[in-house]
Amino acid sequence: MDLVVRKADLVRELQFFQQIVERKNTIPILANVLIEATGDEMVLLATDLEVTLRSQTQAAVTRHGAVTLPAKKLYEIVRALPDGDVRLEADRNQQNVKVTGGQFSSKMPTLPREDFPTVTEPPDTPVVTLNRSALAQMIQKTQFAITGEDTRYYLNGALFVLKPTQMTLVATDGHRLALVTATREGQPTDDEKPILPRKALAELGRLLADGEGDIAFQRGENHLFFQVGNRLLMSRMIDGQFPAYEKVVPKGNDKHLEFERDRLISAVRRVSLLSNERSRALKFVVQAGTVEVTSSSPEFGEAHEPLAVDYSGPALTTCFNAQYVIDFLTAVESDVVSLDLKDEVSQALLKPVGVDGYDYTYVIMPMRV
Amino acid sequence: MRKILHLDMDAFYASVEQRDNPALRGHPVAVGGDPSGRSVVAAASYEARRFGVRSAMPMARAVRMCPGLIIVRPDFSRYRAVSQQIFSLYRAVAPLVEPLALDEAYLDVTHNAWEESLAVTVARRLKTEVRQATGLTVSAGVAPNKFLAKLASGWRKPDGLTVIAPERVAAFLERLPVEHLWGVGPRTAERLHTHGFLTCADIRDRPLDALQQAAGHQASWLRALAHGHDDRSVQPHRPAKSSGAECTYPADLTTLPDICREVTTMAEEAAVWLAARTLYARTVTLKVRYNDFTTITRSHSATPATREPRELAHRAVQLLDRTEVRHRPVRLLGVSVQNLSDTPFVAPRGADVDTGDRLPFE
């Protein structure tokens, strides 16, 4: 293999692979990116056996071939090179690759291309077009609600509900739930409800942020395929039953409050400084005309901050994890947000007010204190 | 000055087998599994040890070293019965008996039921009682503390009786290699060696900061041991901190149903163990060794603690999702439970507080 590629192109592609390869993977070749030089392009591929990314970029290929190189080291090297051309040149047995740029030259050992896992190719199922910015919005507003390492594996991802005229993404950690629905046009589909792993969702979010234009989606037997520009993301689906999310979205919350988002997030951030370090409990003391946000912790003391609201209903006090409130307030952009309560112990409903193009629902279960 | 005994049965499992089956006496015997598989030696008779057969050695290797080796499948119910017999003898004499294993215990005989002031006499009488009751021999170490008593019992085996009197401690430790110190494993030993600490005398006499360089936070403990100091008490009721089982399979497991079934069985065994002790476990740990010997553990902690077989099995099986068992052959699986308590709900301090109450999906 012998090829010359523009540094900027290679850096841009390689950076998308950094989160695909696993730092702590015990299979050495999974830390590598497979590079194939054919025609006038180089194709890059990396996988952790769950999530796979393939991309291509223009290159001047003088000798065809394929090698695998450590994705992180290669990225570090190429990123540090001076602007201009980078040359990747494998020796005869494809055992070493010379990476050169400017006056710099280096030689890296490869791992055999034959050892690289074979990846699932997209199936012959129909291709569905999805709106890029709508999908990006949906990911940004839900992915933080996915649990870290939950043994309920079906919560380690987000449910992607694709209907003929709309699409929905839902994520929950069992304490709070984020749900975004956007209308969609284009070809109608059968109802689909795959669960997309957290890692795939994060990678998809990064891919969507680079470039423009609709993306193509396909579902295989066990995998989902997202073609985003010249990059193809393939992810295994999480096999499991996502909880019945419709059931926990409250319907009859009749106590309606509206806040200026900036004002509320500042107050919550300040007051939460004195919340219990473990529970992060934050009280919302609701009375006619005001909501007082309060906190207390055995070590640090207590804090409160009143916010004026247009409210004349009955008084009540409810309690939330401060982080869950902050997560919502930082995910939305609207100037005004609403909080709808039923009573002190039922699910609370948070929504941005006055947004177009999507419907965002955020549900928090109050803490009992 | 305390009087501590360490009593260690000689080649326990193998000796029980030889006692119960005259055909095995005088022959090299190993207790363990099939040599064509991956089993290891659980115990080797002294005849087998002469060929170099040792506990924990792969059985296949033991057979190569000792072609006439007679392999006996273990029968733990019999070993446990003999163990109970021995411990009842120990407990009749010593107020404090700390079991280390079925065949091994510390006894504090500073005060004893025989009102015998010489610990060596207590040891001698116990050895006789054990032999009369069970027909088996036990090696005894007598010393002012646990560390020295254990060293002493291993000094001369089988049927040994070694006393380290207080005035002989220094001489006894002088040339003792560092790897015999309690808490020094192969890694620490290697570090100590590279820093020039070969014997207890080195640890005792060289500057403490040099020792700290080699052994880190263990330095002061090792220094104490090298002087023969060890004030750990004999603890009759050491509460269990964990329990678990693991299994190396004759052939690698490659299918998820097989793996789930094994994990479920082991989790259910843990539940039985918990129920027998009326304990609850907050943490479940899964251990997986792949066919290339890389070994990982994955744990999950949750409140409330549980001892429900189905719940424990569920928590253990869920942990499989954080492993690569779908893609890599599995050589060994293990399930264990930790963070044990008497009640399902632990005190909130230091424990995980359940932050929000849960969304009512069900």
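The values are calculated or read from the model by the stated rules, or taken from the named source; none is laboratory data. Not measured: the values here are computed from a predicted model. In this analysis, Cβ positions are derived from the backbone assuming ideal geometry, glycine residues included, and neighbour counts consider all displayed protein chains.
Some points to look at:
- Restricting attention to region A:145-171 and to residues that are small (Gly, Ala, Ser) and outside any strand (DSSP E or B), the residue that is nearest to residue B:311 (Cα to Cα) turns out to be A:148.
- Residue check, residue A:43 among the hydrophobic types (A, V, I, L, M, F, W, C), part of a strand (DSSP E or B) and not assigned by TED's automatic domain parsing to the domain that holds residue A:222: yes
- Check on residue B:292, surrounded by fewer than 21 Cβ atoms within 10 Å (Cβ to Cβ), at pLDDT 85 or above and within 12 Å of chain A (Cβ to nearest Cβ): yes
- Condition check for residue A:144: surrounded by fewer than 21 Cβ atoms within 10 Å (Cβ to Cβ), more than 14 Å from chain B (Cβ to nearest Cβ), touching a residue at least 60 places away in the same chain (Cβ under 8 Å) and of a type in the set (A, V, I, L, M, F, W, C): yes
- Top-ranked residue of region A:11-53 - restricted to ones that are polar (S, T, N, Q) and surrounded by 19 or more Cβ atoms within 10 Å (Cβ to Cβ), ranked as nearest to the other protein chains (Cβ to nearest Cβ): A:47
- Meets criteria (among the hydroxyl-bearing types (Ser, Thr, Tyr), over 22 Å from the mean Cα position of the chain (by Cα) and closer than 30 Å to residue A:6 by Cβ) for residue A:118: yes
- Failed criterion for residue A:174 (all others in (1) in a loop (DSSP other than H, G, I, E, B); (2) out of contact with any helix residue (DSSP H, G or I) (no Cβ under 8 Å at 6 or more places or on another chain) hold): (2)
- Scanning region A:259-279 for residues that are buried (at least 20 other Cβ atoms within 10 Å of the Cβ), touching a residue at least 60 places away in the same chain (Cβ under 8 Å) and not β-branched (Val, Ile, Thr) turns up A:259, A:264.
- Residue match in region A:54-64 (condition: of a type in the set (Ser, Thr, Tyr), within 14 Å of another protein chain (Cβ to nearest Cβ) and in contact (Cβ under 8 Å) with a residue 12 or more places away in the chain): no
- The residues on offer are A:173, A:124, A:190, and the sole one that is within 14 Å of another protein chain (Cβ to nearest Cβ) and of a type in the set (D, E, K, R) is A:173.
- Residue count for region B:258-283, restricted to those that are part of a helix (DSSP H, G or I) and among the polar types (S, T, N, Q): 2
- Listing of strands (runs of 3 or more DSSP E) fully contained in region B:17-85 that carry 3 or more residues being under 28 Å from residue B:253 (Cα atoms): B:29-32, B:41-44
- Residue match in region B:137-148 (condition: crowded, with 21+ Cβ neighbours inside 10 Å, free of Cβ contacts under 8 Å to residues at least 24 places away in the same chain and not in a loop (DSSP other than H, G, I, E, B)): no
- Candidates A:338, A:334: the one that is in a strand (DSSP E or B) and surrounded by fewer than 17 Cβ atoms within 10 Å (Cβ to Cβ) is A:338.
- Selected residue (criterion: surrounded by the most Cβ atoms within 10 Å (Cβ to Cβ)) from residues of region A:280-304 that are part of a strand (DSSP E or B) and touching a helix residue (DSSP H, G or I) at 6+ places or on another chain (Cβ under 6 Å): A:282
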